[in-house]
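These notes are about the structure you will find just below.
Laboratory data are not the source of any read-out in this text; all were calculated from the coordinates shown. As the structure is a prediction and not an experimental result, all values here were calculated from the model. Don't worry about glycine lacking a Cβ; one is built from the backbone with ideal geometry, like all the others, and counts go over all protein chains shown.
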Amino acid sequence: MYTRKRRRPVSEINVVPYIDVMLVLLIIFMVTAPLISQGVKVELPKASAQPIEQEDTPPLIASVDVQGNYYLNIGNDQETALGTQELTALVAEKLKAEPQTPVVVKGDGQVAYNEVIQLMVLLQQAGVPSVGLMTDPVDE
């Protein structure tokens, strides 16, 4: 009588498909990462200042463009101009949730000094204790 050999189950996992998927995802992320930019495009003034240390919480960036429109880097649509009350309310809400959040002003180099000061006053009204100013490094 002929008896069949019983095959033992293989306890190894074939990892080749997982490696293929991982490499495809890596390529997708490498291509899309440079395309993702945060905030509004402004031409920052140049200054030879020391960079601030990065904290655990990402900074809140308030921007003002050449036309004097205000923007904030939180919310669904970061490229939509905000009114003064809306900006103040969003900043106050964010600071109420996370009081240690640093706040930075990102103003276009062509913006009048008064526009940057008005933005800083709005941030002060929202309860911001101190504001940093964002610049680009000087090209040597």
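Odds and ends about this structure:
- The range 90-131 residues near the modelled Asp56 label - backbone nitrogen below 20 Å, point 7 Å along Cα→Cβ: 94-104, 129-130
- FRET efficiency estimate (nearest 0.05) - Cβ-Cβ, Glu79 to Gln124, R0 22 angstrom: 0.35
- In terms of the mean number of neighbouring beta-carbon atoms within 10 Å, the peptides 6-14, 79-87 order highest first as 79-87, 6-14.
- Taking 0.36 nm per residue of sequence separation and removing the Cα-Cα distance, the Glu98/Tyr113 pair yields an extension gain of 2.5 nm.
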